[in-house]
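Below is one structure, written out as C-alpha cells; comments come after it.
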Amino acid sequence: MNQNVNVPKAELHCHIEGAAPTNLVKRLAGRHGVDVSEVIDSKGKYVWSDFTSFLKAYDVASSVFKVPADYALLAETYFRMMAAEGAIYGEITISPDHAQAAGLSYRSYVEGLAAGIERAKTETAIEGRMIAIGIRHFGSASVERVVKEVVANPHPLVTGFGLAGDERSGHPANFSRAFRIAADAGLGTTAHAGEFGGPDSVIAAMEFLRVKRIGHGVRAIEDRDLVARLVDEEIVLEVCPGSNVALGVYSHLRFHPVNILRKEGVKITLNSDDPPYFGTTLGKEYTSVADTFGWSFEDQMAVTRTAIEAAFCDTATKKRLLVRLDSANRQDGDS
Ligand code: ADE
Ligand code: ZN
C-alpha cells in the first residue's frame, strides 16, 4: 500500500473520542487514576469484539479525558496526525454526553477542543470544525438536551449537529424535533444511518431528520430506488470503509459498495470513523480504497472536492480549501 500524501484529503466523519491513540489514553489514565486495562491490551490495541463491546470500550477509554487541557491535547494530536497524511480539513464529531460523564461542562469541553484545533492549525494550516452529536440509544430527551445546549452556547467552530450511537435503537421520528432545532439555528445536520440498519433506516433519516449528509449510508446499496434518490437529491455519504470491514458490515474491502455507489453517481467521501479502534487512518482509507478499486489520483481528488463542497464551514473557508486542493500537483509515482 502506497500512502499518497500528495492527495489533499478532507474528512467529514471522525469521532474525536474514537480517534484517541491508545498511548495517549494510557498516559491520561495514569494521570487521573482510571483503569483502562480491560479495554487496551498489552500490545496497545483496543479490545472489543462486536459493535456493543466496541461502544463499551469507547466509553471507558473516553473517560480518561477529564479537563479542557486533555481535550485540547487530543484534538491537537489528531489534527496534526491528519495533516501529516496530507489532510487540509477535518470535521470531528464531539460528544457532550461523554464530556458530561467525565464531569466537564459543554462550554469547557468545546473550548478545550477548539484550543487543540487552533494549535494544530497554527503548526500545519489544517482547518477544523466540530459537529456536536446526540447519542441515539440515550433517547430523544437526551438528544434534545444536547442540541439545546449547543444552540445556547454557540461557538464558531461548532458548525454541525448529528446523531450517532446504536442505530438499532430508536426511530428517527423520535429525533425530528432535535434536528429542527439544529437546522433553525443554522447548524449543518448529519445522522448515522445505513451502517447496521438497512435502506429503510437511510430513508427515515432523510425524511424525518431532513439531512443532506448521511453517516455511512452504504447499505442504501440494497435498494436501487434509494440509490437513484441519493443521486437525485445530491445526498452526501460519509463512507467509512475500514470501520465497516472492522465491524463486520462487509467481510472484505473488495465487497464494500463504495465503488459501486460512486459509479452510480452517489456523492461519496472517505472517512476513518474511529481510526485506532479499526486499525485505520484517513490516509489509509484513501490508499486502501484507491488500491482495491483502481482509483486514480484524479478520482481521489474528486472525493476530497466532494467533502469540501459538503463541509459544514463558511463559504470563504471552502473557497480557500478548494484553492489549496486545485494547487495540488500530481507527482511522478502517483496513481
Ligand atoms: N460512535 C462512534 N463510532 C460509531 C459508529 N461507527 N456508529 C455509531 N456510533 C458511533
Ligand atoms: Zn461514526
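The values are calculated or read from the model by the stated rules, or taken from the named source; none is laboratory data. Here the structure is a predicted model, which is why all the values come from computation and not from measurement. Counting neighbours? That spans all protein chains shown, and the Cβs are built from the backbone with ideal geometry, glycine included.
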Residue match in segment 81-89 (condition: modelled with pLDDT of 95 or more, within 16 Å of ligand 1 (Cβ to nearest atom), surrounded by 20 or more Cβ atoms within 10 Å (Cβ to Cβ) and not in a helix (DSSP H, G or I)): no
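Table: residues versus (1) touching a residue at least 12 places away in the same chain (Cβ under 8 Å); (2) surrounded by fewer than 22 Cβ atoms within 10 Å (Cβ to Cβ); (3) in a helix (DSSP H, G or I).
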residue	(1), (2), (3)
ILE92	yes, no, no
LEU104	yes, yes, no
ARG107	yes, yes, yes
ALA120	yes, no, yes
GLU123	yes, yes, yes
MET130	yes, no, no
SER142	yes, yes, yes
Residue in segment 107-114 that is touching a Leu at 6+ places or on another chain (Cβ under 9 Å), away from ligand 2 (no atom under 16 Å from the Cβ), more than 30 Å from ALA328 (Cβ to Cβ) and modelled with pLDDT of 95 or more present: yes
Flag for LEU55 being modelled with pLDDT under 95 and within 16 Å of ligand 2 (Cβ to nearest atom): yes
Enumeration of residues in segment 226-262 that are within 16 Å of ligand 1 (Cβ to nearest atom), in a loop (DSSP other than H, G, I, E, B) and among the hydroxyl-bearing types (Ser, Thr, Tyr): TYR250
Close pairs from segment 161-184: first touching a residue at least 60 places away in the same chain (Cβ under 8 Å), partner surrounded by fewer than 16 Cβ atoms within 10 Å (Cβ to Cβ), Cβ under 6 Å, at least 6 apart: GLY165/HIS137; ASP166/HIS137
Residue list for segment 13-62, restricted to those being more than 30 Å from THR304 (Cβ to Cβ) and part of a strand (DSSP E or B): ILE40
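Kindly indicate which of VAL239, VAL245 is touching a Ser or Thr at 6+ places or on another chain (Cβ under 7 Å) and under 30 Å from SER62 (Cα atoms). I'd like the intermediate steps shown before the answer.
On the way: VAL245 fails: touching a Ser or Thr at 6+ places or on another chain (Cβ under 7 Å).
On inspection, the qualifying residue turns out to be VAL239.
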Number of the condition not met by VAL231 [criteria: (1) crowded, with 17+ Cβ neighbours inside 10 Å; (2) of a type outside the set (Gly, Ala, Ser); (3) in contact with an Asp or Glu (Cβ under 8 Å, 6 or more places away or on another chain)]: (1)
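Among the candidates GLY215, GLY186, which residue alone is away from ligand 1 (no atom under 15 Å from the Cβ), outside any helix (DSSP H, G or I) and in contact with a strand residue (DSSP E or B) (Cβ under 9 Å, 6 or more places away or on another chain)? Can you show your working first?
Details: GLY215 fails: away from ligand 1 (no atom under 15 Å from the Cβ).
On inspection, the qualifying residue turns out to be GLY186.
Count, please, the residues in segment 263-273 that happen to be farther than 13 Å from ILE235 by Cβ, of a type outside the set (Ser, Thr, Tyr) and not in a helix (DSSP H, G or I). Let's see the steps before the verdict.
The first filter runs over segment 263-273 and keeps only residues farther than 13 Å from ILE235 by Cβ, leaving 263, 270-273.
From what's left, of a type outside the set (Ser, Thr, Tyr): 263, 270-271, 273.
Of the ones still in play, those that are also not in a helix (DSSP H, G or I) are 270-271, 273.
Residues meeting the conditions: 3.
Residues ALA290, ALA302, ALA316: which one is surrounded by 22 or more Cβ atoms within 10 Å (Cβ to Cβ) and either part of a helix (DSSP H, G or I) or more than 19 Å from the chain's Cα centre (by Cα) (or both)? Before you say what the answer is, go through the steps one by one.
On the way: ALA302 fails: surrounded by 22 or more Cβ atoms within 10 Å (Cβ to Cβ); ALA316 fails: surrounded by 22 or more Cβ atoms within 10 Å (Cβ to Cβ).
From the options ALA290, ALA302, ALA316, the qualifying one is ALA290.
Just name the residue that is farthest from the chain's Cα centre (by Cα) out of those in segment 211-228 that are of a type in the set (Lys, Arg) and either surrounded by 14 or more Cβ atoms within 10 Å (Cβ to Cβ) or within 16 Å of ligand 2 (Cβ to nearest atom) (or both).
Within segment 211-228, the match that is farthest from the chain's Cα centre (by Cα) is ARG219.
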Criterion violated by GLY134 - all others in (1) away from ligand 2 (no atom under 16 Å from the Cβ); (2) among the small types (Gly, Ala, Ser); (3) in contact (Cβ under 8 Å) with a residue 24 or more places away in the chain satisfied: (1)
Some residue of segment 152-173 being within 16 Å of ligand 1 (Cβ to nearest atom), polar (S, T, N, Q) and at pLDDT 95 or above: no
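Filter segment 131-150 for residues that are out of contact with any helix residue (DSSP H, G or I) (no Cβ under 6 Å at 6 or more places or on another chain) and under 22 Å from GLU111 (Cβ atoms); which is farthest from ligand 1 (Cβ to nearest atom)? Don't jump to the end; show me each part of the working.
At the first step, the residues of segment 131-150 found to be out of contact with any helix residue (DSSP H, G or I) (no Cβ under 6 Å at 6 or more places or on another chain) are 131, 133, 136-139, 141-142, 145, 148, 150.
With the extra rule that they be under 22 Å from GLU111 (Cβ atoms), the set shrinks to 131, 133, 145, 148, 150.
On the way: ILE131: 12, ILE133: 8, ARG145: 18, LYS148: 21, VAL150: 17 Å.
My answer is LYS148.
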Filter result (over 18 Å from the mean Cα position of the chain (by Cα) and in contact (Cβ under 8 Å) with a residue 60 or more places away in the chain) within segment 248-274: GLY248
